[in-house]
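J.: Handing you a structure now.
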Amino acid sequence: MIKDACGVVGLYSDRDVSSRLCNSLIALQHRGQESAGIAVFDETVKGKINLHKSMGLVPEVFNQTILKGLKGDVGIGHVRYSTAGESIPANSQPYLAKDPGFAIAMNGNIPNYQELKRTMSNSTFDTTSDLELVAHLLTAALKEKSDWFKAIEDTMEKLVGAYTLVILTEKGELIAVRGPLGIRPLCLGRIDETYVIASETSALDSLRARLIRDVEPGEVVLIDERGLQTRLLDLRPHAHCMFEWVYFARADSVVEGISVHAVRERLGRNLAREHPVDCDIVIPVPDSGRSAASGFAMESGKPLLEGFIKNRYLGRTFIMPHQNEREEHLKFNPIKTVVKGKRVVLVDDSIVRGTTLPKLVHLLKSAGSREVHVRISCPPIRSPCLYGIDFPTFEELIASEKSVSEIREKVKADSLVYQTVDGLIEAIGLPREELCLACLTGKYPTRFGDIGLEQLREICGRTGGKG
Ligand code: SF4
């Protein structure tokens, strides 16, 4: 299972926001399941920000009593999965900064975290997350500039990597920031008198808010009683993460104006067109392969069937102490009446470590499938991600170490085919130079592209190695 880094949301409204923040966090739960938090601006006490955060899923962290206690018309929320910093309560978000007071939450990863931290020997760090570093940088810049736009511009110049931020100030302003490369998504929506900022449009939909537009890479949006002010502070070339479309974002979300489900369907169609195979049925790996499998089935004219039942009650498998407890047969069970005697095409989004797929192929063959042909909608993932996605180190990435035919042998599939990088770019529909493809090509869009393998490994020790 691959885990994403986080999801953020912010609401500026004319009535209480905490219940709606909670609902929108549930719509972003797929982006992080370790902890959740909400901070709201309390206008009854000057400069007071109320915060509640804890480890757990959103419905475990919040109940009606807690939400009633979080009174305020402006607020931000966060769901977290740690790719940098430990999975401990202190690292849950939003983070509360003092003097000046503000609450801040982030999605992304800052690869130059250690380098920047070394320059801040006068600051005391209470957490091990990148976010506190960003908060300290902002605090220092605000003391000099006392203007949010200027302070953010100053901070942006120092940060390398991928980030989106939502900030709630002690004056009740809501600020949204998207890092200059636009690696992580962020969108702006509205319903009635309420502005909504969110990592994905699925959160807007949960509130029935209308999508106005994506926040531009390098843009800062500030919302207060005067309305919405915006500044484009950095005009570097964009590098949108291709994996948001392939896997991370929810299929019903729209990223950069492009439907995630439609991209996945096109990826499946590409595979069927480029690598046709004589088969009886097409089945997805639930749930990650579903949209691509439907594209493959439509293009090949073969029936799309459910071949596996996924047990949805296992909970968060990464908290299980022993690898054995993650055994796939607990999670997936083949439907024998569907797959027995059939030539099956099994479609999934990606192969990371290559530990799950051999078990699924084995399960299908044990259930009587005559042939199992694997089709993967993402090209081989060969390099770690520096920008907040929980891919492991080089050694653990199966495609970094093995050729496609060696992977097919390990998986014991009758055939195994990956998407090509060109096919992926065509399915997304953005120019190649506007996409981050670093985990496929090894060409990183930030200055860490120039460093040596050893140093990259060192950095990836911080960003990967879990999951
Ligand atoms: S390295 Fe891969 S997963 Fe990470 S941001 Fe780039 S495309 Fe996305």
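J.: Enumerate the pairs (first residue in segment 25-46 and within 22 Å of D224 (Cα to Cα) and open to solvent by less than 10 Å² (accessible area, probe 1.4 Å); second residue anywhere and assigned to a loop (DSSP other than H, G, I, E, B) and among the β-branched types (V, I, T)) with beta-carbon separation below 7 Å, excluding pairs fewer than 6 apart on the same chain, so at least 6 apart or on different chains.
T.: V40/V17
J.: Here is a further query. Residues to consider are A140, A176; find the one that is away from the ligand (no atom under 16 Å from the Cβ), part of a strand (DSSP E or B) and either open to solvent by 40 Å² or more (accessible area, probe 1.4 Å) or closer than 17 Å to L222 by Cβ (or both). Working first, answer last.
T.: Working: A140 fails: part of a strand (DSSP E or B).
Of A140, A176, the one residue that is away from the ligand (no atom under 16 Å from the Cβ), part of a strand (DSSP E or B) and either open to solvent by 40 Å² or more (accessible area, probe 1.4 Å) or closer than 17 Å to L222 by Cβ (or both) is A176.
Quick grid of which residues meet (1) open to solvent by less than 60 Å² (accessible area, probe 1.4 Å); (2) acidic (D, E):
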residue: C187; (1), (2): yes, no
residue: D192; (1), (2): no, yes
residue: I197; (1), (2): yes, no
residue: R226; (1), (2): no, no
residue: L271; (1), (2): yes, no
residue: D278; (1), (2): no, yes
residue: G289; (1), (2): yes, no
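J.: Take the residues in segment 432-446 that are open to solvent by 20 Å² or more (accessible area, probe 1.4 Å) and more than 16 Å from P217 (Cα to Cα), then tell me which one is farthest from the ligand (Cβ to nearest atom).
T.: R432
J.: For residues that are in a loop (DSSP other than H, G, I, E, B) and open to solvent by less than 10 Å² (accessible area, probe 1.4 Å), scanning just segment 370-382, find the one that is nearest to the ligand (Cβ to nearest atom).
T.: I381
Yes/no per residue for (1) more than 28 Å from Y444 (Cβ to Cβ); (2) in a strand (DSSP E or B); (3) free of Cβ contacts under 8 Å to residues at least 40 places away in the same chain:
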| position | (1), (2), (3) |
| --- | --- |
| L222 | yes, yes, no |
| H238 | no, no, no |
| D252 | yes, no, no |
| L267 | no, no, no |
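J.: Looking only at segment 384-396, filter to residues that are open to solvent by 20 Å² or more (accessible area, probe 1.4 Å) and of a type in the set (D, E, K, R); which one of those is nearest to the ligand (Cβ to nearest atom)?
T.: It comes out as E396.
J.: Name the one entry in A427, A399, A413 that is touching a strand residue (DSSP E or B) at 6+ places or on another chain (Cβ under 7 Å) and away from the ligand (no atom under 12 Å from the Cβ).
T.: Values: A427 fails: touching a strand residue (DSSP E or B) at 6+ places or on another chain (Cβ under 7 Å); A399 fails: touching a strand residue (DSSP E or B) at 6+ places or on another chain (Cβ under 7 Å).
Selected residue: A413, the only one of A427, A399, A413 that is touching a strand residue (DSSP E or B) at 6+ places or on another chain (Cβ under 7 Å) and away from the ligand (no atom under 12 Å from the Cβ).
J.: Among the residues in segment 48-71, are any acidic (D, E) and free of Cβ contacts under 8 Å to residues at least 60 places away in the same chain? First the steps, then the outcome.
T.: First, the residues of segment 48-71 that are acidic (D, E): 60.
Applying the additional criterion that residues be free of Cβ contacts under 8 Å to residues at least 60 places away in the same chain yields 60.
Within segment 48-71, one or more residues are acidic (D, E) and free of Cβ contacts under 8 Å to residues at least 60 places away in the same chain.
J.: Say whether the condition of being closer than 22 Å to K98 by Cβ and out of contact with any Ser or Thr (no Cβ under 9 Å at 6 or more places or on another chain) is met by at least one residue in segment 173-185.
T.: Checked against the condition, which is being closer than 22 Å to K98 by Cβ and out of contact with any Ser or Thr (no Cβ under 9 Å at 6 or more places or on another chain), segment 173-185 yields at least one hit.
J.: How many residues does segment 340-368 contain that are assigned to a loop (DSSP other than H, G, I, E, B) and either touching a Lys or Arg at 6+ places or on another chain (Cβ under 8 Å) or closer than 27 Å to M242 by Cα (or both)?
T.: 11
J.: For a quick check of your reading of the model, give me the residue pairs whose first member lies in segment 89-100 and is more than 10 Å from S35 (Cα to Cα) and assigned by TED's automatic domain parsing to the domain that holds A135, whose second is modelled with pLDDT under 90 and of a type outside the set (D, E), with beta-carbon atoms closer than 7 Å and at least 6 apart or on different chains.
T.: A90/T127
J.: Looking at segment 366-391, I want the residues that are among the polar types (S, T, N, Q) and have a partner that is open to solvent by 10 Å² or more (accessible area, probe 1.4 Å) and near the ligand (Cβ under 10 Å from one of its atoms) with Cβ atoms under 7 Å, at least 6 apart or on another chain. Which pairs are those?
T.: Going by the 7 Å Cβ cut-off, the qualifying pairs are S383/C439; S383/G442.
The values are calculated or read from the model by the stated rules, or taken from the named source; none is laboratory data. Source: prediction; values computed, not measured. Here the Cβ is made from the backbone with ideal geometry for all residues, glycine too, and neighbour counts use every protein chain on show. Note: areas computed on protein heavy atoms with side chains; ligands, DNA, RNA excluded. Shrake-Rupley method; radii C 1.70, N 1.55, O 1.52, S 1.80 Å.
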